[in-house]
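The values are calculated or read from the model by the stated rules, or taken from the named source; none is laboratory data. The structure presented is a predicted model; accordingly, all values stated were derived computationally and were not measured. With ideal geometry, Cβ positions are generated from the backbone for all residues, glycine too; neighbour counts draw on all protein chains shown.
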Amino acid sequence: MSSMTGIVPPRGLPGAALVIALAIAPGACTSAGATPAAAVGAPTTAAGPTATTSVAPTPRPTEVPGPPRASIAGGSAGIVQGELGAFTWDGLGSDGPWIVPPGSVPVAAGAPITVTLDPALAPGRWAARWAPVVAGSAGDPAATRSGTDAAVTVAAPVAPGTWGLQVEITFAEGRQAAWYWSIDVAP
Amino acid sequence: MNPIRVTSSAVTALALVAALAGSPAPASAHAPDPVLSGGLFAQNAALRYRWGTGGTPPSAIRTAVNGAADDSNASRRSKAATFTYDSGGSNTVYYGVDVPCGVNGLACFRRDAPTWFGLWLRENGHRYDWGVLRWCEMNGDPDGCYDAENVVLDELGHVLGLDHHVNYADDSDYADAVVQTYTHTKPRVGWNAHVFGRCDIATLQQQYDVASWSTPYSTCLDVPTRTTLTATSTDVVAGSVVTFTATLTSAGSGRLSNNPIAGRVVVLQLRSGTTWTDFLTLAPSVTSGSYTGSRAMRATGDYRAVYRKTSSEGVRTSTSATVTVAVTAGCTQVICPQSVGPQAP
């Protein structure tokens, strides 16, 4: 059994991660959040294409590349890693909800926030969405910024409260991924 | 992880950028779903799936998966591949703990078109950092549950080559696609959609072609059409019957170019002064995309055929070139010039 079918970040460009400027306040650099591209195994016997017809079985690689990790730097929480949501990546894809991570990032109203990707990959198109969080769930998006420039930029909402932030990036070759944060905007 | 530490001066610069960059909404909103890389399955390919070894879903999820396969087959409106359960199938659907869906995935897929696909669903009760997975089909449909049939339909859309739909900024068009970046829970809009949305269908039609020449084009498309008109004769004696034949074809790109468009309404118009008025509704002929009608001619006139776009599909209006039918007075001779040809004395 057991070749693991893990999703791992692709080997990226050398050096520092790409900065996606979403506007931030300076702060200590700590890391939080779940590993977005953690390896989750599936037994080959369970998930592989064990052929019983004339179609030749397709060998499953033991490891496939996945989206990079994304982090924001903002407020007093420093650098906070996002939760990876849906993605499509080289023939593999996953679907999930709008994730509201349990740990919120305190950010000043209207403050700029920055996102880094690790490994650094150049976005082809990006969109950042804010949705109000009520009772732990995100509502419909209330604001969206999007663009095609390498530096993705938005500012935190002005209205106080807890907001869900989704950053969705489309990369070359049709690769796409979305990451989520929970943001607390102080009154 | 190797993040860049952002300095205060950098923050100032970035804040300026933040004020200037970005646009209100994705420009491609309401377009057909993007297309995944990696190729397609053959038109109308019959993809048979079985339950993965050790990953057979519980009954309620099996029903949901098979329901989603039926949903896809019934709502594709294209020659996209179909899905059918077959215990000997070469494609697999797996339910359980060991799934390659990342830490937060509800379900995931792998596609190796045109050969194989796999689909995985996370087990009911799975605990994420942010909550517990409840499949509606296994929990009596409480608010906050995920509809497995909807989620599997989303995955099957991916298998067929659809990428996540690009929504309006406020997601007001969420119902236009099942293949979404994030899944809605009950009771939010689209949570239990069991047919492909119009922008899913649009891409399936672009990639695989419409199911038949009479299949409506998705309203998420805006396909140009081309109408032509011919007459059996353009120089006749009064009282002669002339048959008009119009052809209606698609003038889009790729699969949607030069398709006969059948089963629509094509009208023959007659010019009166500077005004065109409907003269005759042409009937579909045995040839797909052709429409015919006949009339006894009384006077010289200019004719054209018009296909008018309807709100129920995504094609454009088109008008043919003008065909002039010259009518001369009826002859009283035994043999009229028109009936023996131009060389007749």
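Could you tell me whether segment B:18-41 includes any residue that is at pLDDT below 95, crowded, with 19+ Cβ neighbours inside 10 Å, more than 19 Å from the chain's Cα centre (by Cα) and assigned to a helix (DSSP H, G or I)?
For segment B:18-41, residues at pLDDT below 95, crowded, with 19+ Cβ neighbours inside 10 Å, more than 19 Å from the chain's Cα centre (by Cα) and assigned to a helix (DSSP H, G or I): present.
Quick one: count up the residues across segment B:166-188 that are within 21 Å of A:Ser94 (Cα to Cα) and within 13 Å of another protein chain (Cβ to nearest Cβ).
16
From (1) within 17 Å of B:Val65 (Cβ to Cβ); (2) facing chain A (nearest Cβ under 8 Å); (3) touching a Gly at 6+ places or on another chain (Cβ under 7 Å), pick out the condition that doesn't hold for B:Asp163.
Checking B:Asp163 against (1) within 17 Å of B:Val65 (Cβ to Cβ); (2) facing chain A (nearest Cβ under 8 Å); (3) touching a Gly at 6+ places or on another chain (Cβ under 7 Å), the one that fails is (1).
Of B:Gly273, B:Gly239, which residue is at positive phi, free of Cβ contacts under 8 Å to residues at least 60 places away in the same chain and more than 22 Å from the chain's Cα centre (by Cα)?
From the options B:Gly273, B:Gly239, the qualifying one is B:Gly273.
When segment B:48-72 is examined, which residues are found to be within 14 Å of chain A (Cβ to nearest Cβ), not in a helix (DSSP H, G or I) and not hydroxyl-bearing (Ser, Thr, Tyr)?
B:Arg48, B:Arg50, B:Trp51, B:Gly52, B:Gly54, B:Gly55, B:Pro57
Just checking, how many residues over segment B:75-113 are hydroxyl-bearing (Ser, Thr, Tyr) and more than 24 Å from the chain's Cα centre (by Cα)?
Here the count works out to 6.
Which members of segment B:164-201 meet the condition of being touching a Lys or Arg at 6+ places or on another chain (Cβ under 8 Å) and either outside the structural domain of B:Asp147 (by TED's automatic domain parsing) or polar (S, T, N, Q) (or both)?
Matches in segment B:164-201: B:Asn192 only.
Only one of (1) surrounded by 14 or more Cβ atoms within 10 Å (Cβ to Cβ); (2) assigned to a loop (DSSP other than H, G, I, E, B) is not met by B:Thr287, so which one is it?
Status for B:Thr287: all satisfied but (1).
Which of the numbered conditions does B:Pro100 fail, given that it passes all the others? Conditions: (1) surrounded by 24 or more Cβ atoms within 10 Å (Cβ to Cβ); (2) touching a residue at least 60 places away in the same chain (Cβ under 8 Å); (3) not hydrophobic (A, V, I, L, M, F, W, C).
The number of the failed condition is (2).
Determine which member of the set B:Gly125, B:Gly88 is in a loop (DSSP other than H, G, I, E, B), small (Gly, Ala, Ser) and at negative phi.
Exactly one residue qualifies, and that residue is B:Gly88.
Take segment B:119-132 and flag every residue that is at the interface with chain A (Cβ under 10 Å from one of its Cβ atoms) and out of contact with any Cys (no Cβ under 9 Å at 6 or more places or on another chain).
B:Tyr128, B:Asp129, B:Trp130, B:Gly131
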